[in-house]
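Before any comments, here is the structure.
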Amino acid sequence: MAKLKKGTRCSICKAKGEKEKAVVFLPHHRLALCRKHFVSWFEKRVEKTVKEFRMFSKKDRILVAVSGGKDSLSLWNALVNLGYQADGFYIDLGIDQYSQDSKQLALSFSEKIDRSLHIVSLKEELAPIPVIDTVSNRPACSACGTVKRYYMNRYAKELGYNIIATGHNLDDEVAVLFGNTLHWDVNYLKRQYPVLEEEDGFVRKVKPLCKITEKESALYAFFNGIEYIEYECPFSEGASSIEYKELLSRLEEKHPGTKLQFYTNFLKNMYPILKEHEKKEKPKKCIICGEPTYADICSVCKMRERLKKAV
Amino acid sequence: MDIEIKYRGKKQVLKFDKEKITAGDILKAMGLSPEYAFVVKNGEIAQEDETVSPQDEIKVVNAISGG
Ligand code: SF4
Ligand SMILES: [Zn+2]
Ligand SMILES: [Zn+2]
(Lines give C-alpha, C1' and ligand atoms only; values in the text may rest on other atoms or scores of the structure.)
(Ligands and ions follow the chains in the order given, each with its own letter.)
Protein backbone atom coordinates (compact mmCIF):
# COMPACT_ATOMS: atom_id res chain seq x y z
CA MET A 1 0.00 0.00 0.00
CA ALA A 2 1.61 3.25 -1.07
CA LYS A 3 2.15 6.02 1.36
CA LEU A 4 -0.35 8.43 2.73
CA LYS A 5 1.16 11.90 2.78
CA LYS A 6 1.07 13.84 6.01
CA GLY A 7 -2.07 15.88 6.41
CA THR A 8 -4.01 14.17 3.60
CA ARG A 9 -7.71 14.62 4.14
CA CYS A 10 -10.40 11.97 3.73
CA SER A 11 -11.67 12.00 0.12
CA ILE A 12 -15.31 11.68 1.17
CA CYS A 13 -15.10 14.22 4.01
CA LYS A 14 -13.42 16.65 1.63
CA ALA A 15 -16.27 16.33 -0.86
CA LYS A 16 -18.67 17.17 1.97
CA GLY A 17 -16.65 20.16 3.08
CA GLU A 18 -15.45 18.46 6.25
CA LYS A 19 -11.84 18.23 7.33
CA GLU A 20 -11.27 14.80 8.80
CA LYS A 21 -7.75 13.44 8.31
CA ALA A 22 -7.36 10.29 6.27
CA VAL A 23 -5.96 7.26 8.09
CA VAL A 24 -6.19 4.70 5.30
CA PHE A 25 -4.99 4.94 1.73
CA LEU A 26 -6.34 2.53 -0.88
CA PRO A 27 -4.19 3.13 -3.98
CA HIS A 28 -6.05 0.62 -6.17
CA HIS A 29 -9.28 2.53 -5.52
CA ARG A 30 -7.56 5.95 -5.44
CA LEU A 31 -9.13 6.67 -2.07
CA ALA A 32 -7.82 8.19 1.16
CA LEU A 33 -10.32 7.67 3.97
CA CYS A 34 -10.95 8.54 7.57
CA ARG A 35 -11.95 5.84 10.02
CA LYS A 36 -15.69 6.37 9.69
CA HIS A 37 -15.69 6.46 5.92
CA PHE A 38 -13.41 3.46 5.62
CA VAL A 39 -15.86 1.42 7.68
CA SER A 40 -18.82 2.49 5.54
CA TRP A 41 -16.79 2.00 2.33
CA PHE A 42 -16.01 -1.56 3.45
CA GLU A 43 -19.61 -2.43 4.22
CA LYS A 44 -20.84 -0.94 0.96
CA ARG A 45 -18.27 -2.95 -0.94
CA VAL A 46 -19.42 -6.14 0.76
CA GLU A 47 -23.03 -5.35 -0.02
CA LYS A 48 -22.18 -4.63 -3.66
CA THR A 49 -20.39 -7.96 -3.93
CA VAL A 50 -23.36 -9.77 -2.38
CA LYS A 51 -25.65 -8.17 -4.99
CA GLU A 52 -23.27 -8.53 -7.95
CA PHE A 53 -23.07 -12.31 -7.52
CA ARG A 54 -26.65 -12.64 -6.22
CA MET A 55 -25.36 -14.37 -3.11
CA PHE A 56 -28.37 -13.93 -0.83
CA SER A 57 -31.06 -11.52 0.30
CA LYS A 58 -32.41 -10.23 3.60
CA LYS A 59 -34.84 -13.17 3.67
CA ASP A 60 -32.12 -15.82 3.71
CA ARG A 61 -30.79 -17.47 6.83
CA ILE A 62 -27.03 -17.24 6.72
CA LEU A 63 -24.52 -19.30 8.66
CA VAL A 64 -21.09 -17.68 8.84
CA ALA A 65 -18.13 -20.03 9.17
CA VAL A 66 -16.33 -18.44 12.10
CA SER A 67 -12.73 -19.35 12.87
CA GLY A 68 -11.99 -16.56 15.35
CA GLY A 69 -9.76 -14.90 12.77
CA LYS A 70 -10.11 -11.37 11.45
CA ASP A 71 -11.83 -12.30 8.18
CA SER A 72 -14.69 -14.37 9.52
CA LEU A 73 -15.39 -11.95 12.37
CA SER A 74 -15.20 -8.91 10.08
CA LEU A 75 -17.56 -10.64 7.67
CA TRP A 76 -20.02 -11.49 10.42
CA ASN A 77 -19.90 -7.94 11.77
CA ALA A 78 -20.46 -6.41 8.32
CA LEU A 79 -23.36 -8.74 7.44
CA VAL A 80 -25.14 -7.99 10.71
CA ASN A 81 -24.55 -4.25 10.27
CA LEU A 82 -25.98 -4.49 6.75
CA GLY A 83 -29.15 -6.02 8.17
CA TYR A 84 -28.70 -9.64 7.10
CA GLN A 85 -29.76 -12.57 9.29
CA ALA A 86 -26.38 -14.04 10.02
CA ASP A 87 -25.41 -16.43 12.81
CA GLY A 88 -22.05 -18.03 13.48
CA PHE A 89 -20.76 -21.57 13.25
CA TYR A 90 -17.56 -22.54 14.99
CA ILE A 91 -15.81 -25.89 14.71
CA ASP A 92 -13.55 -26.65 17.63
CA LEU A 93 -10.75 -28.43 15.76
CA GLY A 94 -9.03 -29.54 18.96
CA ILE A 95 -5.74 -27.88 18.06
CA ASP A 96 -4.50 -27.22 21.61
CA GLN A 97 -4.21 -23.61 22.75
CA TYR A 98 -5.01 -22.30 19.29
CA SER A 99 -8.50 -23.79 19.32
CA GLN A 100 -9.16 -22.75 22.91
CA ASP A 101 -8.18 -19.16 22.28
CA SER A 102 -10.01 -18.81 18.98
CA LYS A 103 -13.16 -20.37 20.42
CA GLN A 104 -13.12 -17.91 23.30
CA LEU A 105 -12.74 -14.98 20.91
CA ALA A 106 -15.55 -16.24 18.68
CA LEU A 107 -17.80 -16.65 21.72
CA SER A 108 -17.10 -13.20 23.13
CA PHE A 109 -17.73 -11.67 19.73
CA SER A 110 -21.08 -13.44 19.34
CA GLU A 111 -22.11 -12.06 22.73
CA LYS A 112 -20.99 -8.60 21.73
CA ILE A 113 -23.10 -8.53 18.56
CA ASP A 114 -25.86 -10.56 20.21
CA ARG A 115 -26.13 -13.30 17.56
CA SER A 116 -26.03 -17.06 18.13
CA LEU A 117 -22.85 -19.01 17.69
CA HIS A 118 -23.26 -22.74 17.07
CA ILE A 119 -20.29 -24.75 18.28
CA VAL A 120 -19.36 -28.23 17.15
CA SER A 121 -16.50 -30.17 18.67
CA LEU A 122 -14.47 -32.21 16.23
CA LYS A 123 -13.20 -34.34 19.08
CA GLU A 124 -16.76 -35.46 19.77
CA GLU A 125 -17.74 -35.80 16.12
CA LEU A 126 -14.67 -37.55 14.77
CA ALA A 127 -11.24 -36.81 16.26
CA PRO A 128 -9.17 -33.67 16.80
CA ILE A 129 -7.06 -32.48 13.86
CA PRO A 130 -3.72 -33.53 15.42
CA VAL A 131 -5.07 -37.10 15.67
CA ILE A 132 -6.54 -37.04 12.17
CA ASP A 133 -3.18 -35.80 10.95
CA THR A 134 -1.45 -38.92 12.23
CA VAL A 135 -3.65 -41.28 10.21
CA SER A 136 -4.06 -39.13 7.11
CA ASN A 137 -1.64 -39.18 4.21
CA ARG A 138 -2.63 -35.67 3.14
CA PRO A 139 -1.35 -32.40 4.62
CA ALA A 140 -3.19 -31.38 7.81
CA CYS A 141 -4.81 -28.39 6.13
CA SER A 142 -6.29 -30.48 3.38
CA ALA A 143 -7.91 -32.93 5.82
CA CYS A 144 -8.97 -29.98 7.97
CA GLY A 145 -10.64 -28.30 4.99
CA THR A 146 -12.55 -31.49 4.22
CA VAL A 147 -13.94 -31.90 7.72
CA LYS A 148 -14.81 -28.22 8.02
CA ARG A 149 -16.78 -28.28 4.76
CA TYR A 150 -18.51 -31.49 5.77
CA TYR A 151 -19.73 -30.39 9.21
CA MET A 152 -20.57 -26.93 8.01
CA ASN A 153 -22.82 -28.34 5.32
CA ARG A 154 -24.39 -30.94 7.54
CA TYR A 155 -25.15 -28.60 10.42
CA ALA A 156 -26.38 -25.79 8.18
CA LYS A 157 -29.12 -28.14 6.97
CA GLU A 158 -29.87 -29.47 10.43
CA LEU A 159 -30.08 -25.99 11.92
CA GLY A 160 -32.19 -24.60 9.09
CA TYR A 161 -29.77 -22.25 7.31
CA ASN A 162 -29.83 -22.03 3.53
CA ILE A 163 -26.58 -20.10 3.01
CA ILE A 164 -23.04 -20.76 4.19
CA ALA A 165 -20.79 -17.70 4.12
CA THR A 166 -17.03 -17.96 4.49
CA GLY A 167 -14.49 -15.20 5.11
CA HIS A 168 -12.22 -15.89 2.12
CA ASN A 169 -10.77 -12.57 1.04
CA LEU A 170 -9.28 -11.30 -2.20
CA ASP A 171 -5.75 -12.32 -1.21
CA ASP A 172 -6.91 -15.85 -0.39
CA GLU A 173 -8.72 -16.14 -3.71
CA VAL A 174 -5.83 -14.65 -5.67
CA ALA A 175 -3.28 -16.94 -3.98
CA VAL A 176 -5.41 -20.00 -4.76
CA LEU A 177 -6.03 -18.82 -8.30
CA PHE A 178 -2.32 -18.24 -8.78
CA GLY A 179 -1.46 -21.69 -7.46
CA ASN A 180 -4.11 -23.40 -9.56
CA THR A 181 -2.98 -21.52 -12.65
CA LEU A 182 0.66 -22.33 -11.98
CA HIS A 183 -0.32 -26.00 -11.95
CA TRP A 184 -3.04 -25.60 -14.60
CA ASP A 185 -5.33 -27.39 -12.24
CA VAL A 186 -8.44 -27.09 -14.35
CA ASN A 187 -10.65 -29.08 -12.02
CA TYR A 188 -10.05 -26.60 -9.23
CA LEU A 189 -10.13 -23.57 -11.51
CA LYS A 190 -13.62 -24.33 -12.72
CA ARG A 191 -14.90 -24.35 -9.18
CA GLN A 192 -13.29 -21.10 -8.17
CA TYR A 193 -16.29 -18.84 -8.16
CA PRO A 194 -17.53 -16.78 -5.18
CA VAL A 195 -20.84 -18.64 -5.27
CA LEU A 196 -21.27 -22.39 -5.29
CA GLU A 197 -24.91 -23.10 -5.98
CA GLU A 198 -26.90 -25.43 -3.81
CA GLU A 199 -27.52 -28.86 -5.29
CA ASP A 200 -28.45 -32.33 -4.11
CA GLY A 201 -27.56 -32.02 -0.46
CA PHE A 202 -25.03 -29.19 -0.78
CA VAL A 203 -26.02 -25.88 0.79
CA ARG A 204 -25.22 -22.76 -1.27
CA LYS A 205 -21.79 -21.37 -0.36
CA VAL A 206 -20.70 -17.79 -0.79
CA LYS A 207 -17.62 -15.59 -0.26
CA PRO A 208 -18.78 -12.02 0.30
CA LEU A 209 -15.23 -10.76 1.06
CA CYS A 210 -13.84 -11.91 -2.29
CA LYS A 211 -13.13 -8.31 -3.32
CA ILE A 212 -11.78 -7.19 0.05
CA THR A 213 -8.03 -7.43 0.60
CA GLU A 214 -6.55 -9.03 3.65
CA LYS A 215 -5.28 -5.68 4.87
CA GLU A 216 -8.68 -4.05 4.42
CA SER A 217 -10.21 -6.83 6.47
CA ALA A 218 -7.61 -6.39 9.25
CA LEU A 219 -8.21 -2.63 9.23
CA TYR A 220 -11.96 -3.10 9.43
CA ALA A 221 -11.51 -5.41 12.41
CA PHE A 222 -9.17 -2.89 14.02
CA PHE A 223 -11.50 0.09 13.54
CA ASN A 224 -14.43 -1.87 14.95
CA GLY A 225 -12.49 -3.03 17.99
CA ILE A 226 -12.94 -6.66 16.97
CA GLU A 227 -10.64 -8.93 18.95
CA TYR A 228 -9.48 -11.82 16.84
CA ILE A 229 -6.88 -14.56 17.04
CA GLU A 230 -3.62 -12.93 16.08
CA TYR A 231 -1.30 -15.87 15.92
CA GLU A 232 -1.37 -18.62 13.34
CA CYS A 233 -2.58 -22.16 13.64
CA PRO A 234 0.50 -24.34 14.33
CA PHE A 235 -0.25 -26.39 11.21
CA SER A 236 -0.22 -23.42 8.86
CA GLU A 237 3.55 -22.98 8.87
CA GLY A 238 5.18 -23.04 5.51
CA ALA A 239 1.91 -23.00 3.61
CA SER A 240 2.62 -22.18 -0.02
CA SER A 241 -0.28 -19.74 0.01
CA ILE A 242 1.76 -17.41 2.24
CA GLU A 243 4.61 -17.47 -0.26
CA TYR A 244 2.25 -16.65 -3.08
CA LYS A 245 0.70 -13.86 -1.05
CA GLU A 246 4.07 -12.25 -0.40
CA LEU A 247 5.07 -12.59 -4.02
CA LEU A 248 1.81 -11.09 -5.24
CA SER A 249 2.02 -8.25 -2.75
CA ARG A 250 5.37 -7.26 -4.27
CA LEU A 251 3.68 -7.04 -7.66
CA GLU A 252 0.78 -5.12 -6.17
CA GLU A 253 3.14 -2.62 -4.57
CA LYS A 254 4.55 -1.70 -7.96
CA HIS A 255 1.30 -2.00 -9.86
CA PRO A 256 -1.71 -1.27 -7.64
CA GLY A 257 -4.79 -3.15 -8.76
CA THR A 258 -2.95 -6.21 -10.13
CA LYS A 259 -4.53 -8.65 -7.69
CA LEU A 260 -8.07 -7.42 -8.15
CA GLN A 261 -7.67 -7.47 -11.93
CA PHE A 262 -6.17 -10.97 -11.97
CA TYR A 263 -9.17 -12.21 -10.01
CA THR A 264 -12.03 -10.29 -11.59
CA ASN A 265 -10.77 -10.89 -15.14
CA PHE A 266 -10.55 -14.58 -14.39
CA LEU A 267 -14.19 -14.53 -13.28
CA LYS A 268 -15.22 -12.53 -16.32
CA ASN A 269 -13.09 -14.02 -19.09
CA MET A 270 -11.85 -17.44 -18.10
CA TYR A 271 -14.41 -18.88 -15.74
CA PRO A 272 -17.26 -18.93 -18.30
CA ILE A 273 -15.06 -20.87 -20.77
CA LEU A 274 -14.11 -23.46 -18.17
CA LYS A 275 -17.71 -23.72 -17.07
CA GLU A 276 -18.87 -24.47 -20.59
CA HIS A 277 -16.67 -27.53 -20.80
CA GLU A 278 -17.73 -28.87 -17.49
CA LYS A 279 -19.16 -32.33 -17.56
CA LYS A 280 -21.78 -32.10 -14.88
CA GLU A 281 -21.50 -35.02 -12.55
CA LYS A 282 -24.31 -35.43 -10.08
CA PRO A 283 -23.37 -36.05 -6.46
CA LYS A 284 -24.58 -39.25 -4.85
CA LYS A 285 -25.41 -39.91 -1.21
CA CYS A 286 -22.76 -41.39 1.04
CA ILE A 287 -23.90 -44.94 1.82
CA ILE A 288 -22.85 -44.48 5.45
CA CYS A 289 -23.91 -40.97 6.48
CA GLY A 290 -26.10 -39.78 3.62
CA GLU A 291 -24.14 -36.59 2.95
CA PRO A 292 -23.48 -35.71 -0.70
CA THR A 293 -20.34 -37.19 -2.24
CA TYR A 294 -18.96 -38.16 -5.63
CA ALA A 295 -17.77 -41.54 -4.37
CA ASP A 296 -19.77 -44.27 -2.62
CA ILE A 297 -18.37 -43.34 0.76
CA CYS A 298 -17.67 -39.68 1.59
CA SER A 299 -14.20 -38.59 2.64
CA VAL A 300 -15.17 -37.98 6.27
CA CYS A 301 -16.61 -41.48 6.63
CA LYS A 302 -13.43 -42.84 5.03
CA MET A 303 -11.44 -40.89 7.57
CA ARG A 304 -13.52 -42.40 10.36
CA GLU A 305 -12.77 -45.91 9.08
CA ARG A 306 -9.08 -45.14 9.02
CA LEU A 307 -9.21 -43.74 12.55
CA LYS A 308 -10.92 -46.91 13.75
CA LYS A 309 -8.22 -49.08 12.22
CA ALA A 310 -5.49 -46.96 13.77
CA VAL A 311 -6.55 -47.53 17.38
CA MET B 1 17.26 2.96 20.33
CA ASP B 2 15.22 -0.01 21.48
CA ILE B 3 11.54 -0.20 20.69
CA GLU B 4 9.28 -2.70 22.33
CA ILE B 5 6.47 -3.94 20.15
CA LYS B 6 3.63 -6.42 20.29
CA TYR B 7 3.37 -8.77 17.36
CA ARG B 8 0.97 -11.70 16.98
CA GLY B 9 0.21 -11.63 20.69
CA LYS B 10 3.86 -11.65 21.78
CA LYS B 11 6.20 -8.93 23.03
CA GLN B 12 9.43 -8.40 21.19
CA VAL B 13 12.22 -5.77 21.23
CA LEU B 14 13.63 -4.20 18.08
CA LYS B 15 17.09 -2.63 18.17
CA PHE B 16 17.89 0.34 15.95
CA ASP B 17 21.21 2.14 15.57
CA LYS B 18 19.61 5.52 15.01
CA GLU B 19 17.49 7.83 17.14
CA LYS B 20 14.66 8.86 14.83
CA ILE B 21 12.53 5.82 14.17
CA THR B 22 9.39 5.79 12.03
CA ALA B 23 6.57 3.30 11.72
CA GLY B 24 7.99 2.44 8.29
CA ASP B 25 11.36 1.58 9.89
CA ILE B 26 9.60 -0.84 12.22
CA LEU B 27 7.92 -2.65 9.33
CA LYS B 28 11.22 -2.77 7.45
CA ALA B 29 13.08 -4.14 10.48
CA MET B 30 10.51 -6.91 10.70
CA GLY B 31 10.67 -7.67 7.01
CA LEU B 32 7.02 -6.74 6.50
CA SER B 33 5.54 -4.73 3.65
CA PRO B 34 3.02 -1.93 4.18
CA GLU B 35 1.08 -3.71 1.46
CA TYR B 36 -0.20 -6.18 4.05
CA ALA B 37 1.01 -4.91 7.44
CA PHE B 38 0.50 -1.80 9.55
CA VAL B 39 1.63 -0.22 12.79
CA VAL B 40 -0.68 0.82 15.61
CA LYS B 41 0.72 3.51 17.88
CA ASN B 42 -1.12 4.19 21.13
CA GLY B 43 -4.27 2.73 19.68
CA GLU B 44 -4.21 4.66 16.39
CA ILE B 45 -2.94 3.71 12.93
CA ALA B 46 0.52 5.20 12.40
CA GLN B 47 1.44 6.29 8.89
CA GLU B 48 4.80 5.11 7.60
CA ASP B 49 6.58 8.43 8.12
CA GLU B 50 5.22 8.88 11.64
CA THR B 51 7.92 8.80 14.33
CA VAL B 52 7.71 6.46 17.25
CA SER B 53 9.50 6.57 20.59
CA PRO B 54 10.14 3.96 23.30
CA GLN B 55 7.31 5.49 25.37
CA ASP B 56 4.72 4.68 22.73
CA GLU B 57 2.67 1.57 22.90
CA ILE B 58 3.36 -0.13 19.58
CA LYS B 59 1.56 -2.99 17.97
CA VAL B 60 2.35 -4.44 14.56
CA VAL B 61 -0.44 -6.10 12.62
CA ASN B 62 0.38 -8.47 9.77
CA ALA B 63 -2.74 -9.17 7.78
CA ILE B 64 -1.36 -12.17 5.91
CA SER B 65 -2.58 -15.51 7.13
CA GLY B 66 -2.17 -18.94 5.70
CA GLY B 67 -4.13 -22.18 5.82
S1 SF4 C 1 -4.10 -23.78 9.22
FE2 SF4 C 1 -4.71 -25.74 8.36
S3 SF4 C 1 -5.00 -27.09 10.11
FE4 SF4 C 1 -4.96 -24.99 10.90
S5 SF4 C 1 -7.11 -24.39 10.97
FE6 SF4 C 1 -6.33 -23.70 9.00
S7 SF4 C 1 -6.79 -25.38 7.59
FE8 SF4 C 1 -6.99 -26.20 9.66
ZN1 LIG D 1 -14.22 10.87 6.04
ZN1 LIG E 1 -20.30 -40.20 4.85
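The values are calculated or read from the model by the stated rules, or taken from the named source; none is laboratory data. On a predicted model such as this, the values are computed, not experimentally measured, just so you know. Cβ placement follows ideal geometry from the backbone for every residue including glycine, while neighbour counts extend to all protein chains displayed. Note: accessible area is taken over every heavy atom of the protein model, side chains too, but ligands, DNA and RNA are not part of it. Shrake-Rupley method; radii C 1.70, N 1.55, O 1.52, S 1.80 Å.
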Select from A:19, A:44, A:259 the residue whose mean-square fluctuation is largest in a Gaussian network model of chain A (Cα-Cα springs shorter than 10 Å). A:19
Nearest 10, in degrees from 0 to 90: the angle of helix A:140-159 to the longest Cα principal axis of chain A is 90
Average beta carbon contacts from partner chains per residue of B:43-54, 10 Å cutoff: 3
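Antiparallel as a % of all DSSP beta bridges within segment A:155-311, to the nearest 5? Show your work: numbers first, answer last.
Working: 5 of 8 bridges.
Around 60 percent antiparallel, to the nearest 5.
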Crossing angle, helix A:240-254 versus chain A [Cα axis fit, 0-90 degrees, rounded to tens]: 20
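Please state the charge dipole magnitude for segment A:168-276, taken about the Cα centre, from unit charges on C-beta atoms (+1 on K and R, -1 on D and E), reported in debye and rounded to the nearest 20.
Details: 13 positive and 19 negative charges, 103 e Å.
It comes to approximately 500 debye.
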For a paramagnetic label modelled at 7 Å from the Cα of residue A:231 toward its Cβ, which residues of segment B:8-22 fall within the zone defined by backbone nitrogen distances under 14 Å? B:8-12
Subtract the Cα-Cα distance of residue A:125 and residue A:159 from 0.36 nm times their separation in residues, and report this length gain in nm to one decimal. 10.6 nm
Checking the table A:3/A:211; A:112/A:205; A:215/B:11; A:103/B:15; A:14/A:44 against a 29 Å threshold on Cα-Cα, which pairs fail? A:103/B:15
Which of the peptides A:276-289, A:118-131 is most tightly packed, and how do the rest follow, going by the mean number of other Cβ atoms within 10 Å of each residue? A:118-131, A:276-289
Treat every Asp and Glu Cβ in segment B:1-63 as -1 and every Lys and Arg Cβ as +1, leave all other atoms uncharged, and give the resulting dipole magnitude about the Cα centre to the nearest 20 debye. 360
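Is it possible to state the helix-based mean residue ellipticity at 222 nm for the protein assembly as shown, with each DSSP H run of 4+ residues giving -39500 (n - 2.57), the sum divided by total residues, to the nearest 500 deg cm²/dmol? What is it? Walk me through the intermediate numbers first.
Details: 15 runs with 159 residues, N = 378.
Taken over the protein assembly as shown, the calculation gives -12500 deg cm²/dmol.
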Round to a whole angstrom and tell me the spacing of the C-alpha centers of segment A:43-77 and segment A:234-311. 19
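Order these peptides, B:9-15, A:94-100, A:63-69, by their mean beta-carbon neighbour count within 10 angstrom, highest first.
Working: B:9-15: 10.4, A:94-100: 16.3, A:63-69: 24.6.
Ranked by mean Cβ neighbours within 10 Å, highest first: A:63-69, A:94-100, B:9-15.
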Per residue of A:241-254, other chain Cβ atoms within 10 Å number on average 3
What order do A:222, A:53 take when sorted by accessible area (1.4 Å probe), most exposed first? A:222, A:53
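Would you mind telling me the antiparallel percentage of the DSSP bridges in the protein assembly as shown, rounded to 5? Kindly include the intermediate steps, with their values, before the conclusion.
On the way: 25 of 44 bridges.
Approximately 55 percent, going by the DSSP bridge assignments.
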